[in-house]
Amino acid sequence: MMIPFSSQLINLCAALLLLIAFGMLSQRRVLSLINLFAWQGLVLSVATFIVAWSSHQHHLYYSAGLTLLLKVMILPWILHRLIRKLNVKWDVETLINIPTTMLFGIVLVIFAFNLAAPISQMASTIAKSTLGIAMASVLLSFLMMITRSKAVPQVIGFLAMENGLFFAATSATYGMPMVVELGIALDVLVGMVILGIFFFQIRETFDSLDLKHMEKLKEE
């Protein structure tokens, strides 16, 4: 049976999302991490547009545009300004070395595909075959969060995890209602502003963005 061209494009976008997730997991340079996050947002926006065009779900066009505006333009711009102001360039310290982290990532991908298999069979969307990749992207982003000791990469990991959740929602149910998506977008923007202020406070207090200083403060 011939796979429709639109499904092939969606599968290609899903594969790119997974590759970018692995790239973010192995990345040490914060600037490159932000650029990868922007590329992830772009691929997510293109995938959402293709799903909207293929399924005639018109609200997904707005979702694709919102993703492009927020995840490709606004948030990377905010993050670039933050690292310039904070003079953050490298995230050398990781709790686990990169090869071991990548091995954990492969295990999580296998787990995600096995977990998503029965759910994909029940879904009726054109992108149901990509649900495993969407869940793997979420788990890889979570792994990136817990293996980084600096605050900025952890926030980028959280934003990347939200990208994976959005792609999972698109794969399983053609996305969330537009009101919910707008609410989430506003929450993310407000959260980034608050986190930016929080980063400056940490830097002024400890002259570092390493979260181990916060743990020491809690112990005291």
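The values are calculated or read from the model by the stated rules, or taken from the named source; none is laboratory data. Since this is a predicted model, take the numbers as computed values, not measurements. Cβ: placed from backbone, ideal geometry, glycine included. Neighbour counts: every protein chain shown. For accessibility, only protein heavy atoms count, side chains too; no ligands or nucleic acids. Shrake-Rupley method; radii C 1.70, N 1.55, O 1.52, S 1.80 Å.
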Quiz item: Which residue, of 52, 47, 14, 64, is within 17 Å of residue 172 (Cα to Cα), in contact with a Cys (Cβ under 7 Å, 6 or more places away or on another chain) and assigned to a helix (DSSP H, G or I)?
Solution: 47
Quiz item: In segment 17-30, which residues are open to solvent by 60 Å² or more (accessible area, probe 1.4 Å) and assigned to a helix (DSSP H, G or I)?
Solution: 19
Quiz item: residue 12: among the aliphatic types (A, V, I, L, M) and out of contact with any helix residue (DSSP H, G or I) (no Cβ under 7 Å at 6 or more places or on another chain), yes or no?
Solution: yes
Quiz item: Among (1) under 24 Å from residue 135 (Cα atoms); (2) out of contact with any Lys or Arg (no Cβ under 7 Å at 6 or more places or on another chain); (3) of a type in the set (Val, Ile, Thr), where does residue 78 come up short?
Solution: (1)
Quiz item: Does residue 37 count as closer than 16 Å to residue 134 by Cα, of a type in the set (A, V, I, L, M, F, W, C), surrounded by 21 or more Cβ atoms within 10 Å (Cβ to Cβ) and at pLDDT 90 or above?
Solution: yes
Self-check item: Residue, nearest to residue 79 (Cα to Cα), within segment 116-138, restricted to residues that are touching a residue at least 12 places away in the same chain (Cβ under 8 Å) and open to solvent by 40 Å² or more (accessible area, probe 1.4 Å)
Solution: 135
Exercise. Specify the residue that is farthest from the chain's Cα centre (by Cα); the eligible residues are those in segment 139-154 that are open to solvent by less than 10 Å² (accessible area, probe 1.4 Å) and polar (S, T, N, Q).
Key: 147
Quiz item: Only one of (1) touching a Leu at 6+ places or on another chain (Cβ under 7 Å); (2) of a type outside the set (Asp, Glu); (3) at pLDDT 80 or above; (4) closer than 25 Å to residue 34 by Cβ is not met by residue 116, so which one is it?
Solution: (4)
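Listed here are the residues, each with its yes/no results for (1) more than 15 Å from the chain's Cα centre (by Cα); (2) β-branched (Val, Ile, Thr).
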| residue | (1), (2) |
| --- | --- |
| 40 | no, no |
| 45 | no, no |
| 48 | no, yes |
| 62 | yes, no |
| 98 | yes, yes |
Practice problem: For residues that are under 14 Å from residue 115 (Cβ atoms) and free of Cβ contacts under 8 Å to residues at least 40 places away in the same chain, tally how many sit in segment 143-171. | Solution: 1
Quiz prompt | Hits in segment 79-105 - residues which are surrounded by fewer than 17 Cβ atoms within 10 Å (Cβ to Cβ), at pLDDT 85 or above and among the β-branched types (Val, Ile, Thr) | solution = 100
